[in-house]
Amino acid sequence: MADAPALLEAQGLVMRFGAFTALRGISATIRGGEVVGLIGTNGAGKTTFLNMVTGYLRPTEGRVLLEGRDVTGTGPREMVGRGLARSFQVPQLFPEMTAREHLVLAEALADQGQRSLLGPLPEGGRAEAMLARFGLAAIADTAVSLVPQGQRKLIDIAMALMLRPRLLLLDEPTSGVSSAEKGPLMQTVFEAIRAGGVTVLFVEHDMEIVERYVTRILAFRDGELLADGTPEAVLRDREVARSVLRRKEVAT
Amino acid sequence: MRRLSKITLAAAALAACLQAGGALAQEKLRIAVVTPLTGPLASVNVPGQNAARILAEAINAGTLPAPYSGRRGMGGAEVELFFLDENGGNAKQVSEFRGLAERRGADVVMGFGSAATCLAVAPVAEELKVLTVMSTCATPRIFEDASYEYVFRTTAHTTMDSAALALYVRQRLPEVRTVGHINPNFALGQDSWRDFAAAMKSAMPATRVVAEQWPTMGSGQYTAEISALAARRPDLIHTSLTGTDMEAFMTQMSARGLQEQSRIVAPLLELAINRMGRQIPEGIIFTARGTNGLFAPPSALNTWFTDIYRGRHNEMPVFTAYQYAATLLALKAAYDKAAGPAGARPATRDVIAALRSSTFEAPGGTIRMALGNGHQAIQDTAVGEFGFDRRANVTTVRNVTVFPAACVNPPAGARSEAWLRDGMPGADCSGIVNR
Amino acid sequence: MFRRADLRLAAAGAVLLAATSLMPGWLLVLAATALAKGIVALGLLLLMRAGLVPFGQAMFYCLGGYAAGLGSLWLGIRDVLLLLLLAGLAAGAAGWVVGLLIRRYRGIFFAMLSMAFSMILYGVLLKSQDLGSSDGFSVPRPTLLGLTMTGTPALRILFAVTVLLTVLLAWGVSAYLRTAMGQIGPAIRQNEVRVSYLGYEPDRLIHREYAASGLLAGVAGALVAMLVGQVDPGMGFWMTSGEFVFIAILAGTGGIWGSLGAAFILEAVHAIAFDVAPTYWRLILGGTLLVMILRFPAGLSSLAPRRVRRA
């Protein structure tokens with residue numbers, strides 16, 4: 001995997017919001033086929049990092065490269081066009097639309113290169129399959145504002161997967177989900193991911209989940225990249241243990 | 001069962017709506033008065049409404065003085081007025097006009113304060129063959145751009161104002177060399193200035209325009225324009241501001257003393273004199289779209305009209321009131337003549353024949369339907385200087401010059417704009433009277 | 001392609017066409033005006049589904065009217081269908097140009113910018129003496145495929161053209177609302193950021209729908225101009241825009257029937273109030289609107305049955 005070509009490269013990313021510096025020069029490379037976990041305490045800059053590599057924020061300094069091409073600050077729509085997709089810490093859904101409508105819209109937008117958006121909405125296509133895969137069939141025709149949090153997260157992630165991305169970014173996929181549901185949720189997600197052969201970067205606080213799925217870990221602290229390596233290496237690292245894991249244990 | 005009766009009810013209502021006219025129109029003569037009842041022009045046209053009601057009552061009661069005394073009603077029929085708001089846009093007015101003819105059984109339609117409505121409605125009146133008599137709307141375009149069988153206007157149009165004012169200035173203020181103006185930037189103001197400027201160029205070719213101010217209609221705030229006019233110091237300033245705009249301008253202008261360094265010519269001042277009274281500076285030159293109001297020659301008809309109007313509304317009638325009165329009197333004369341002694345309801349074309357090219361008496365004097373093939377009125381007019389008698393607490397007018405109709409109205413077939421520009425050829429000014 | 005709803009639309013159109021010969025002139029003008037305003041409301045439907053309320057839609061209505069008038073007088077085009085096409089294209093093009101700027105704004109800024117543009121047009125027309133300033137100018141009776149029209153038959157033909165055009169445009173909007181692109185508007189309203197994260201630029205959709213709404217309003221303006229035979233700057237005044245917004249709010253964003261129904265109801269109330277209370281019609285109209293909004297906060301289109309359980 002170390003020989004796989006670089007998919008996403010962050011080079012010296014710095015983010016300043018006025019006097020406050022959220023990221024202090026992050027450099028990391030994600031290669032095709034990896035499953036990368038991004039850990040760190042709250043406020044460490046993880047979501048800011050995701051916002052930057054998806055083009056939602058323009059970095060104060062530094063560059064973002066996608067397959068070698070500089071895409072710094074291009075904007076989410078273009079990044080999605082280049083094969084990126086993202087889910088959100090708080091699920092970003094359309095409150096009045098149903099789960100099915102979400103996935104159908106995502107399917108139509110994913111295929112907009114091949115099929116005109118002025119054509120009829122896709123019926124019985126990938127969206128149906130995805131609903132089934134994520135176990136959403138029961139609530140497929142309910143407005144998502146009436147749906148429990150766990151399923152809202154699934155819809156959020158399912159939408160991202162509908163885009164057939166090459167790089168999937170998940171922001172705290174299990175946050176707000178009860179402990180009982182966490183495992184099954186991630187299992188469903190990763191089955192779907194493996195079926196598609198997608199590179200993944202996900203932010204997570206639950207170390208059990210992290211250890212189960214990742215091939216590599218990035219650890220953030222106060223806007224800096226503290227460690228970058230295999231799970232075994234990073235999780236045994238002293239600094240990481242003290243500042244990231246210890247604090248996390250105290251919080252739980 | 002309930003559903004069926006609902007449907008039947010709805011169908012009956014629909015059928016009733018679709019029936020043209022109705023049993024109402026048989027006995028009474030229904031006259032629809034289209035006038036602004038709401039909106040910014042309402043205040044200027046309310047005197048017209050008031051006068052229409054007074055005249056209708058008097059016609060029905062038979063209490064009109066000479067030369068209308070003797071016969072009640074119009075052609076023996078009782079007159080019933082009903083009012084329609086001249087608002088809501090042209091499309092609304094056109095569909096309402098059709099409603100008047102097809103649904104509400106109007107025998108005659110009168111009124112119309114706005115040039116835009118007149119222009120929109122005239123072709124429809126012609127198409128539906130509804131006798132339509134415009135009382136107020138001022139643009140010359142109606143009978144110069146087209147000719148009509150069913151449409152009449154019983155008031156002279158604004159060309160007369162401009163011609164008379166220019167001749168007045170030439171006669172009374174021969175030393176005027178420079179002219180400025182402040183006119184609202186829409187059709188009324190643009191047309192008024194264009195006509196006055198053309199008339200001045202013909203009457204006093206040595207004058208030149210040194211200041212032009214075009215405030216937005218309805219602005220109400222004229223400080224910048226007044227400053228500009230004050231700086232240029234023209235000998236004469238023309239303004240066709242009207243209604244509340246005129247009131248605002250008068251107040252702001254007199255505070256700056258603009259009338260001290262320039263003589264002001266305000267064709268539409270008369271409409272504001274009741275409300276403003278003593279607040280209007282002395283010496284402003286104005287007219288009243290004919291020998292109306294303060295300019296009216298003494299007559300039994302005028303005395304009767306002003307007494308009743310003042311008794312009922314506590315103020316003197318302004319020229320819109322005179323115009324609506326003139327329309328009803330013209331109609332009465334025509335209906336009486338067309339009905340003949342037997343008194344049967346005359347056919348519309350007989351009324352038209354009686355109205356066309358007729359001459360009739362109105363509170364403001366004699367009106368002749370002399371232009372537009374007998375469909376457009378001309379009348380004498382007068383120009384004077386505004387004054388306020390503080391002891392008697394009344395508005396007065398001084399230095400009046402009366403211009404006969406043939407002097408200040410274009411001759412038959414002439415186009416007003418060209419007539420003014422070309423020096424008013426064919427005008428017969430032999431009957432001018434100075435008082 | 002054709003659903004049951006489309007057949008209902010065609011049936012309604014057929015009923016109106018059949019009634020044409022029974023309707024007196026005033027009713028033809030009233031109904032045609034109501035349908036024209038319904039067409040404007042269809043354009044507003046698109047924008048309001050995307051969460052935007054333009055306060056200057058009268059600009060395109062006015063442009064369409066003047067385009068029809070000037071097309072007749074200056075270009076000598078007399079055919080009603082050609083004039084409608086000209087008006088639609090002119091207004092649509094203007095919508096596209098204004099859209100270049102306005103597509104980036106939302107909420108009150110979008111509303112006010114839209115109004116600002118319409119007042120610019122109003123001001124220009126008012127100052128233009130060549131175009132008759134506030135008096136406007138007359139629009140001659142158009143011809144249809146070479147046939148000249150006069151009198152009440154002309155009204156019937158114009159009404160029939162209006163009915164057909166309304167049915168066609170309503171069907172078009174209805175079909176559009178069933179496509180994928182038709183779902184993006186509500187998605188933008190509910191979560192604009194998510195739309196860009198699904199790979200579609202929200203501004204782009206708003207630009208297109210704004211231009212389309214301009215085209216619809218322009219066609220409506222041309223219809224009314226030819227019906228009434230007169231155009232004036234008042235067609236572009238902010239109060240005219242306000243009337244369209246009233247209709248759109250009463251309609252709700254559910255679908256075309258709300259928009260067409262609301263236009264009809266308001267036009268009918270306006271006419272009845274005018275007749276019954278010539279001095280107080282504004283009070284009646286405003287009061288009716290208030291009562292209807294309180295009773296149907298989501299608009300008339302919320303009366304349509306829904307197959308989906310929603311909040």
Original post:
the protein assembly as shown: D in µm²/s via Stokes-Einstein (Kirkwood Rh, Cα pairs, 37 °C, 0.692 mPa s)?
Top reply: 99
Subject >> region C:13-91 and region B:202-238: distance between their alpha carbon centers, rounded to Å >> reply: 41
Original post:
Which order do B:S69, B:S299, B:S135 take when ranked by solvent-accessible area (1.4 Å probe, heavy atoms of all protein chains), largest first?
Top reply: B:S69, B:S299, B:S135
Original post:
At C:L85 and B:A248, where each label point lies 7 Å from the Cα along Cα→Cβ, what is the point-to-point distance in nanometres?
Top reply: 4.7
**OP:** Mind grabbing the interface size between B and C? I mean buried accessible area, both sides, 1.4 Å probe, in Å² to the nearest hundred.
**Re:** 2900
Subject >> Debye log10 I(q)/I(0) for region B:233-324, one point scatterer per Cα, at q = 0.14 Å⁻¹ >> reply: -0.54
**OP:** Determine, from the Cβ-Cβ distance of B:N373 and A:Q149 and an R0 of 56 Å, the FRET efficiency 1/(1 + (r/R0)^6), rounded to the nearest 0.05.
**Re:** 0.10
Original post:
Across the Cα atoms of region C:4-237, what radius of gyration and what greatest pairwise Cα-Cα distance (Dmax) are found, in Å?
Top reply: 18.2, 58
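What number, in percent, do you get for the relative contact order of region B:278-435 if the mean sequence gap of Cα pairs under 8 Å and at least 6 apart is divided by its residue count?
Working: 251 pairs, mean separation 37.5, N = 158.
The value is 24 percent.
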**OP:** Take the alpha carbon atoms of region C:208-257, find their center, do the same for region B:141-161, and report the distance between the two centers in whole angstrom.
**Re:** 33
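Just to verify a number: FRET efficiency for B:Q279 and B:A228, C-beta to C-beta distance, R0 = 22 Å, to 0.05? Show your work: numbers first, answer last.
Working: r = 23 Å, r/R0 = 1.04.
Once rounded, the FRET efficiency stands at 0.45.
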Original post:
If you roll a 1.4 Å probe over the protein assembly as shown with all protein chains in place, what percent of the accessible area is carbon or sulfur?
Top reply: 57
Original post:
How are the C-alpha pair distances of region C:5-101 spread across 10 Å bins, as whole percents from the shortest bin up?
Top reply: 13, 34, 36, 16, 1
**OP:** Choose one answer from C:L283, C:L46, C:L81: the residue with the largest mean-square fluctuation in a GNM of chain C with alpha-carbon springs under 10 Å.
**Re:** C:L283
**OP:** Just need the relative contact order of region A:6-245 here, percent rounded to a whole number, with Cα pairs under 8 Å and 6+ apart.
**Re:** 27
Original post:
Roughly how much of B:M217 is accessible, in Å² to the nearest 10, using a 1.4 Å probe?
Top reply: 70
**OP:** May I ask you to list the residues of region C:120-135 whose amide nitrogen lies under 19 Å from a point 7 Å from Cα along the Cα→beta-carbon direction of B:E212?
**Re:** C:123-135
Subject >> Relative pair counts by distance (%), Cα atoms of region A:152-228, 5 Å bins >> reply: 3, 13, 27, 26, 17, 11, 3, 0
Original post:
Roughly how compact is chain B, stated as its Cα Rg over 2.2 N^0.38 Å to two decimals?
Top reply: 1.02
Subject >> Rounded accessible area of C:I284 (nearest 10 Å², 1.4 Å probe) >> reply: 60
Subject >> All-pairs alpha carbon distance profile, region A:24-125, 10 Å steps from 0, percent >> reply: 12, 36, 32, 17, 3
**OP:** Let me have the relative contact order for chain C, percent, based on Cα pairs under 8 Å that are six or more residues apart.
**Re:** 34
Subject >> Chain-alone versus full-assembly comparison, region C:110-150, residues with accessible loss of at least 40 Å² (1.4 Å probe) >> reply: C:L126, C:K127, C:Q129, C:S134, C:D135
Subject >> Loop sites in region B:92-180: trypsin sites (Lys or Arg not before Pro), DSSP, at most 16 other Cβ within 10 Å >> reply: B:K129, B:R177
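Across chain A, how large is the tail of the calculated P(r) beyond 33 Å, expressed as a percent of all Cα pairs? Mind dumping the intermediate values first?
Working: 5778 of 31626 pairs.
In whole percent, the long-distance tail amounts to 18.
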Subject >> Rounded to the nearest 20 debye, dipole of region C:4-237 from Cβ charges on Lys, Arg, Asp, Glu >> reply: 540
Original post:
What residues does region B:81-104 have that are buried by at least 30 Å² of accessible area in the full protein assembly compared to the chain on its own, 1.4 angstrom probe?
Top reply: B:D85, B:N90, B:A91, B:K92, B:V94, B:S95, B:E96, B:R98, B:E102, B:R103, B:R104
Original post:
What quantity of accessible surface, computed with a 1.4 Å probe and excluding non-protein components, is buried in total between chains A and C, in Å² to the nearest 100?
Top reply: 2700
Original post:
Heavy-atom accessible area per residue, chain B, 1.4 Å probe: how many Å²?
Top reply: 38
Subject >> FRET E, pair C:L17, C:L303, Förster distance 30 Å, beta-carbon r, rounded to 0.05 >> reply: 0.75
Original post:
Where the centroid of each part is defined by its Cα atoms, how far is region A:129-165 from region B:342-402 in Å?
Top reply: 81
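If DNA, RNA and ligands are ignored and the probe is 1.4 Å, what is the ranking of B:T223, B:T139 by accessible area, most exposed first?
In descending accessible area the options line up as B:T223, B:T139.
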Original post:
Between C:Y105, C:G69, C:I184, whose Cα lies farthest towards the positive end of the dipole of region C:4-237 when Lys and Arg beta carbons carry +1 and Asp and Glu beta carbons carry -1, centred on the Cα centre?
Top reply: C:I184
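Given the DSSP H assignment, sum -39500 (n - 2.57) over each helix run of at least 4 residues in chain B and divide by its residue total; what's the result at 222 nm in deg cm²/dmol, nearest 500? Don't skip to the end; give the middle numbers.
On the way: 16 runs with 185 residues, N = 435.
Helix contribution divided over all residues of chain B: -13000 deg cm²/dmol.
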Original post:
What nm value, rounded to one decimal, do you get for the distance between C:T179 and A:T215 when each label is placed 7 Å out toward the C-beta?
Top reply: 4.1
**OP:** Sorted from largest down, give the three principal axis spans of the alpha carbons of region B:305-435, whole angstrom values.
**Re:** 54, 46, 22
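If you rank B:L328, C:L30 by how much accessible surface each has, with a 1.4 Å probe, what is the order from largest down?
Working: B:L328 0, C:L30 25 Å².
Listed by decreasing accessible area, they come as C:L30, B:L328.
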Subject >> Helix B:90-102 axis, angle to chain B major axis (alpha carbon atoms, nearest 10°) >> reply: 40
Original post:
Relative to a virtual label point 7 Å from the Cα of C:I272 in the Cα→beta-carbon direction, which members of region C:215-257 show backbone nitrogen distances below 14 Å?
Top reply: none
Subject >> Selection from C:W281, C:M239, C:I265, by position along the positive dipole direction of region C:190-282 (Cβ) >> reply: C:I265
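Determine the dipole magnitude for region A:6-245: charges of +1 sit on the beta-carbon of Lys and Arg, -1 on that of Asp and Glu, nothing else is charged, the reference point is the Cα centre, and the result goes in debye to the nearest 20.
Numbers: 26 positive and 28 negative charges, 75 e Å.
So the magnitude is around 360 debye.
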Original post:
At 222 nm, what helix-only mean residue ellipticity would chain C give, in deg cm²/dmol to the nearest 500, using -39500 (n - 2.57) for each DSSP H run of four or more?
Top reply: -24000 deg cm²/dmol
Subject >> Threshold 50 Å², region C:1-49 residues less accessible with all protein chains present than alone (1.4 Å probe) >> reply: C:W26
Original post:
Just how much of A:T215 is accessible, in Å², when a 1.4 Å probe is used and the result is rounded to the nearest 10?
Top reply: 50
Original post:
In whole Å, what are the Cα extents of region B:72-189 along the three principal axes, biggest one first?
Top reply: 58, 37, 25
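In Å², and per residue, what accessible area does chain A have when probed at 1.4 Å with the other protein chains present?
I get 43 Å² per residue for this part.
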**OP:** Kindly provide log₁₀ I(q)/I(0) values, in the same order as q = 0.25, 0.30 Å⁻¹, from the Debye equation applied to equal alpha-carbon scatterers of region A:72-119.
**Re:** -1.12, -1.17
Original post:
Rounded to a whole number of µm²/s, how large is the Stokes-Einstein D of region A:103-146 at 4 °C and 1.567 mPa s, given Rh as the Kirkwood radius over C-alpha pairs?
Top reply: 115
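The values are calculated or read from the model by the stated rules, or taken from the named source; none is laboratory data. Only a predicted model underlies this, so the values are computations on that prediction, with no experimental measurement involved. Don't worry about glycine lacking a Cβ; one is built from the backbone with ideal geometry, like all the others, and counts go over all protein chains shown. The area values use the complete protein model at the heavy-atom level, side chains included, leaving out ligands, DNA and RNA. Shrake-Rupley method; radii C 1.70, N 1.55, O 1.52, S 1.80 Å.
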